[in-house]
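FYI, it's all coordinate maths here, none of it is from the lab. From a predicted model like this one, the values you see are computed outputs, not experimental measurements. Please note: Cβ atoms are built from the backbone with ideal geometry, for glycine as well, and neighbour counts cover all protein chains shown.
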Amino acid sequence: MILNFSPPAFKKVPAIDKCFAILALLAESKEPLGISELSRSLDLHKSTVFNILHTLTELNVLESQPDGKFVFGTRFYMMGKMTGKRSALIQTAHPYLEMINEKTKLSAFLGLRSDLSAILIDKVDSAYGIKVSSEIGMQMPSLAGAGIKAMLSQMSDEEIGEILDRAELKRYTPKSIVSKAAYKKEVLEVRKQGIAYDREEYIKGMVALAIPVRTNSRNFQMAIWAVGLTHQVPDSSILEWAELLKSISQDLNYRLQ
C-alpha cells in the first residue's frame, strides 16, 4: 500500500513576495536605488517600499546611503560565513591571508566597510606563538585601524569628505589622528602609496598594515590588514612587509577583475 502525504496548506505572505522583489531589483541594478525608483519599477506603494527598506536596513541586510538610496549591507556576508559557504571573493582572498601569516608571523584579516566601520569577515591567526585575534563578524569602532583607511582610499574625494563631515574622530590613544583634515590627508596618501598604516593609533602597543581589495563594485570597499604587537613589527621589517602586502594587493586585485 502506498501512502501519499500532501503538504499542509499554507497562506502566502504578500510582504515576503514584495521584500524579495525589492532585493532582486537591487541585485540586478548597477546603481543604488531609492524609494521612488523601486516603487515605480515594482508598482508598489511608496509607504510599503519605505517600510520594507527600513526594516531591512535595521536588520543590516541593506544600508542607507547619504543620498537616500539603498545598497546591500553586510549581513549577507555574515550569514554566508556562518553557514560555512564562503563567497568566491573570500575563497580567493584566503590563501593570501595564509601567506601573510606565514611570512610575517602576524595575524591577517579580511574585512569590508560598513559605513564608518570595518567588519571582519575572514582571518588567519593561528599559526604562530603570540597572536592578535578577533572574532569573525566583529565590527571595529568608528574610523579605527588601518583597514578602514585602506577602504576609504578607494572612494572619491567627495565621498571621503561626506563621511568625515558626519564622523567624530575619537582619541583611542595619544597617537590617534583627531584632525579631519589630517585624517583625509592620510587616506589620500594611502590611495597614492597603496598601503595604510596604524602605528598605535587604535590600540596602544599594536601596529597594523593594510591594503585595499578592489571588488569592482562601488558599493563595497574591502581591505586586508596584518596586525601585531609593536615588538613583532620592528622598523627594519616594516618596509619589507609593506612591499609584500602591496605585491599581494596587485596580484589579488588582478584576479578579482
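List of remarks:
- Cα radius of gyration and Dmax for the stretch 147-194 (Å): 10.4, 29
- For the stretch 102-231, the mean projected area of the C-alpha convex hull, equal to one quarter of the hull surface, is 7.6 nm².
- Overall Cα dimensions of the chain - principal axes, largest extent first, Å: 73, 57, 32
- For the stretch 158-216, relative contact order (Cα pairs under 8 Å, six or more residues apart, normalised by length) works out to 28 percent.
- Computed over the stretch 207-257, the ratio Rg/Rh where both radii use C-alpha atoms and Rh is Kirkwood: 1.06
- Measuring against 19 Å, Cα to Cα, the residue pairs Lys149/Lys246; Lys18/Lys46; Lys103/Lys175 contain Lys103/Lys175 as the ones spanning a longer distance.
- Using C-alpha pairs under 8 Å with a sequence gap of at least 6, the mean separation divided by the residue count of the stretch 110-257 gives a relative contact order of 24 percent.
- When each of the peptides 91-98, 13-20, 220-227 is scored by the mean number of other C-beta atoms lying within 10 Å of its residues, the order from highest to lowest reads 220-227, 91-98, 13-20.
- Per-residue extension of 0.36 nm, minus the Cα-Cα distance of Leu59 and Asp165, leaves a gain of 35.6 nm for this segment.
- Annotation: Cα Rg of the stretch 14-73 relative to the compact-globule expectation 2.2 N^0.38 Å equals 0.97.
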